[in-house]
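See below for the structure under consideration.
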Amino acid sequence: ADSVALENLQLALDSTQIKGYARVNQFSKPAIAFDLAIDDIDVDRYSAPKKASEAPAPVVTPATAAAAATTLIPMETVRSLDINGKLSIGKLKVAQLKMAGVNLTIQAKQGVVKTRQSIKQLYKGNYQGQITLNAKPKTPVISLNEKIANVQIGPLLKDLQPKEEARLRGAVNVAAKLNTTGNTIEAIKSTLGGNVSFSLKKGAIKGFNIQKMIDVGKLAIKGKEMKLNYADEQTVFSIIKGTAKIKKGLINNPDFLAESSTVEIKGGGTANLVNEALNYKAKATLTN
């Protein structure tokens, strides 16, 4: 009379197999439980086709500005959620990105939503994260704890934007613990706080060659023409890394470091998410 349960569920969606169970109790105030396992799914297959022409940039008016400030999270809906679920996906393709061993758990009760998510295979690296949304107070409180380890950024960017050349390569590591309060973009930016660390190991940035720039400068000083050949326009770095502390939307990065066989770059400064002000200084020193 007031519940439904799908036990031993087996569903075939094209070539995708889905197994598990789903239950709903008390339709008037539903309590939802599920545990689903998907073997292999290409989400892009079911996405709407992209339009040939891109829409022009929107004109900012008082009406559009007011719309941008509207609330992001439906608080009453979140407060009424009662969910306990698990989802596992053997292989997943979404936004042209390929990954394997995807797991998600979600719990929602009395206005607090918690998720845990992980990807075992993400471009030779992995990902794991936790998100908590507390909708009990008048203004929602959001916290994130995210880690990306040894993800090869070059192949990832190539799949994400196949028509553009990937300008970065190397193994990316990112760890972020963030918290914020608010239900609009501006409120979330102005209350954002936490810590971030990042590194790019054995990587390269395409588009410029520092060694070539140095050699050209040396020859110009001597009044000679450039007659050197270079294999490609890129600069190889052994490490690019740094940390940042965030308080009330102000990102403070005091220890940026990039090292190559030719140059060492140290930098530091702040970036303000609220007023979009940048105050940053970088110093490059030739190693030889």
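Within straight-line reach of LYS98, meaning a Cα separation under 20 Å, sit the following lysines at least 8 residues removed in sequence or on another chain: LYS50, LYS120, LYS124, LYS147, LYS158, LYS163.
To put it simply, the accessible area of the chain at a 1.4 Å probe is 58 percent carbon and sulfur. Once the Cα-Cα distance is subtracted from the 0.36 nm per residue extended length, the ALA1 to ASN103 segment shows a gain of 33.4 nm. For the chain, the longest principal axis of the Cα atoms and the long axis of helix 210-221 meet at an angle of about 20 degrees.
What the phi angles of the range 21-27 give under the Karplus curve with 6.51, -1.76 and 1.60, with θ = phi - 60°, is a coupling list of 8, 8, 9, 9, 10, 6, 4 Hz, glycine and proline written as x. For the range 165-174, 3J(HN,Hα) computed residue by residue from phi via the Karplus equation (6.51, -1.76, 1.60; θ = phi - 60°) reads 6, 6, 9, 10, 8, x, 8, 9, 10, 9 Hz, glycine and proline entered as x. For LYS206, the accessible area of its heavy atoms, probed at 1.4 Å with every protein chain present, is near 70 square angstrom. A simple spin-label model places the labels of SER47 and ARG79 3.6 nm from each other, with each point 7 Å out along Cα-to-Cβ. For GLN117, the shell of other residues with beta-carbons less than 12 Å away shows a net charge of +4, using +1 for Lys and Arg and -1 for Asp and Glu. With contacts taken as Cα pairs under 8 Å at a separation of at least 6 residues, the chain carries a relative contact order of 9 percent. If you run the Gaussian network model on the chain, springs between alpha carbon atoms under 10 Å, then out of ARG45, ARG116, ARG169 the most flexible one is ARG45.
Separation of the range 160-182 and the range 115-157, taken as the distance between their Cα centroids, equals 11 angstrom. Largest GNM mean-square fluctuation among GLN117, GLN161, GLN152, using the chain with Cα springs under 10 Å: GLN161.
Taking Lys and Arg as +1 and Asp and Glu as -1, the other residues whose beta-carbon sits under 13 Å from that of LEU250 total +3. Between ALA258, ALA220, ALA31, the GNM of the chain built on Cα springs shorter than 10 angstrom shows ALA220 fluctuating the most. Each principal axis of the chain carries a Cα extent, and these read 91, 45, 37 Å when sorted largest first. Between the amide H of VAL151 and those of ASN126, VAL172, distances stay under 5 Å, these residues lying 5 or more places away or on another chain, with hydrogens modeled in the peptide plane.
Ranking TYR123, TYR46, TYR21 by solvent-accessible area of protein heavy atoms (1.4 Å probe, all protein chains present), from largest to smallest, gives TYR46, TYR21, TYR123.
Computed from backbone phi, the HN-Hα couplings of the range 83-88 come to 9, 9, x, 9, 9, 10 Hz, rounded to whole numbers (Karplus: 6.51 cos²θ - 1.76 cosθ + 1.60, θ = phi - 60°; Gly and Pro given as x). Neighbours of GLN130, meaning other residues whose beta-carbon lies under 12 angstrom from its beta-carbon, give a summed charge of +3 when Lys and Arg score +1 and Asp and Glu score -1. List every residue whose amide H lies under 5 Å from the amide H of VAL263, counting only residues 5 or more places away in sequence or on a different chain, with H placed 1.01 Å from N in the peptide plane. Result for VAL263 returns THR287. Heavy-atom accessible surface of the chain, averaged per residue, reaches 66 Å², computed with a 1.4 Å probe.
The values are calculated or read from the model by the stated rules, or taken from the named source; none is laboratory data. Here the structure is a predicted model, which is why all the values come from computation and not from measurement. Note that we place each Cβ from the backbone using ideal geometry, even for glycine, and neighbour counts take in every protein chain shown. When the accessible area is computed, the model is the full protein with side chains, heavy atoms only, and any ligands, DNA or RNA have been set aside. Shrake-Rupley method; radii C 1.70, N 1.55, O 1.52, S 1.80 Å.
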